[in-house]
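Below is one structure, written out as structure tokens; the observations come after it.
The values are calculated or read from the model by the stated rules, or taken from the named source; none is laboratory data. Everything numeric in this text was worked out from a predicted model, so none of it was measured. Quick reminder, even Gly has a Cβ in these numbers, built from the backbone with ideal geometry, and neighbours come from all protein chains shown. For the accessible areas, the whole protein counts, side chains as well, though only heavy atoms, and no ligand, DNA or RNA atoms are used. Shrake-Rupley method; radii C 1.70, N 1.55, O 1.52, S 1.80 Å.
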Amino acid sequence: MQIEDLRIFVAVIKAGSFTAAAEQLLLSKQYVSRRMATLEAGLNARLLNRNTRKLSVTESGQLFATHAQRILDDIEEAERAVSQKRQVLQGSYRLSIPMSFGISHLSPLIAEFLGQHPAIQFQVELVDRYVDLVGEGFDIALRIGNLADSSLVARRLGELKRVICCSPQYLERMGAPQTPEELLQHQCLRYGREGQTGWELDHNGKRRLFEVRGPIVSNNGEVLRDAAVAGLGLVLLPEFIVGPALQYGALVRVLDDFHPGALDLHAIYPQHRQRSEVTRVFLDFLQERLKAQRVSAA
């Protein structure tokens, strides 16, 4: 097995195809395909599923990719230590970040960070779905809310406060709920998927799930915010989405005494990225900047 084969294999996973990986590595597609076949033959295991439309990673391939990336990271760290270039951060990283929060808060921070470290390259994808970091070749993902149990490493960057609010027109038409039990008498605009019908609120010192109903369910906060501004109902969203509308009076708070709680903001990454200097410096930078913006309080 050759180190070059590990580099090619990891590049194929991140690029999603032999052709794209070959272009990035300045190699021929035939050479990349031949090296992958040799690698699989040496391991006596199928690492990649190939068809005319899509290249996917097998379970064995995902496991091997984790170890391969760790080996490549160790080699890179050793090379930097010997050449005394540790102060120069470099490398290519693939990031997954939530769409709304990414546009409103992370986009300028990523630009600032890359301006400070011009040898780093980021491929940034704004998606609200939970990506498979190893299978899809992501290095870091930022996620809002509860995390599922996994072998990934999680670092808490802070929290995002939430509020319940509605438009003044809705308030005039329907009145304000005085207790969470009254939510069933109101139109509630729900974040998530159909079937996620409850809002969890503080009630008499305890957290309780209160059923809500309404005309719209969406996995995008801006859609729900705009519906609330249009007078369609109550909405429970993070302040970073509804903050400007609250400031300008397009939305007003309700049920302030029944706190919905905050959502944790985490960065997650594969275990082989724990020793990456880029990962550490980038997440330190994000945590510091977000705290300064008072978007989160770690």
- Message: Given points 7 Å out from each Cα along the Cα-Cβ axis, report the LEU114 to ASP284 separation in nanometres with one decimal.
- Response: 2.2 nm
- Task: Quick one: P(r) of the chain from all Cα-Cα pairs, 5 Å bins, percents rounded to integers, in order of increasing distance.
- Result: 1, 5, 10, 13, 14, 13, 11, 9, 8, 6, 5, 3, 2, 1, 0
- Message: Among VAL212, ILE3, GLN123, whose Cα projects farthest towards the positive end of the dipole of the chain, with charges put on the beta-carbon of Lys, Arg (+1) and Asp, Glu (-1)?
- Response: ILE3
- Binning every alpha carbon pair distance of segment 164-298 at 5 Å from zero, what are the percents per bin? 2, 10, 17, 18, 17, 12, 9, 7, 5, 2, 1, 0
- Query: Of LEU152, LEU55, LEU232, which is the most mobile in a GNM of the chain whose springs link Cα atoms less than 10 angstrom apart?
  - Reply: LEU55
- Query: For the chain, what are the DSSP H helices with axial Cα length of 27 Å or more and mean Kyte-Doolittle hydropathy of at least 0.5?
  - Reply: none
- Message: Quick check for me: using +1 on Lys/Arg Cβ and -1 on Asp/Glu Cβ, what's the dipole size of segment 132-214 about its Cα centre, in debye to the nearest 20?
- Response: 220 debye
- Which is farthest toward the positive dipole end of the chain among LEU236, LEU43, LEU255, measuring Cα position about the Cα centre, with Cβ charges +1 (Lys, Arg) and -1 (Asp, Glu)? LEU43
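Could you work out the relative contact order of the chain, using alpha carbon pairs under 8 angstrom and six or more residues apart, expressed as a whole percent?
Details: 486 pairs, mean separation 62.2, N = 298.
Averaging sequence separation for qualifying contacts and normalising by length gives 21 percent for the chain.
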- Message: Testing the spin-label approximation: label points 7 Å from Cα along Cα→Cβ at LYS29 and LEU63. State their distance in nm.
- Response: 3.2 nm
- Item | Cα gyration tensor, segment 1-76 - rounded (a/c under 1.5), prolate or oblate | rounded
- Long-range amide H partners of ARG94 with built H, under 5 Å: GLN123, ASP139, ILE140
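Using only the heavy atoms of the protein chains and a 1.4 Å probe, how would MET99, MET36 rank by accessible area, largest first?
Working: MET99 75, MET36 5 Å².
Final ranking, largest accessible area leading: MET99, MET36.
Rounded to the nearest percent, how much of the accessible area of the chain (1.4 Å probe, protein heavy atoms only) is carbon and sulfur?
Reported share for carbon and sulfur atoms: 49 percent.
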- Message: Could you compute how much accessible surface SER150 exposes when probed at 1.4 Å, giving the result in Å² to the nearest 10?
- Response: 80 Å²
- Item | HN-Hα J in Hz across segment 204-215 - Karplus 6.51, -1.76, 1.60, θ = phi - 60°, x for Gly and Pro | 6, x, 10, 8, 9, 9, 10, 5, 9, 9, x, x
- Message: At a threshold of 8 angstrom on Cα-Cα distance, excluding pairs fewer than six apart, so keeping six or more, what relative contact order does segment 225-298 reach in percent?
- Response: 19 percent
- Report, ordered by chain and residue number, the lysines lying within cross-link reach of LYS29, taken as a straight Cα distance under 20 Å and ignoring same-chain residues fewer than 8 apart. LYS14, LYS54
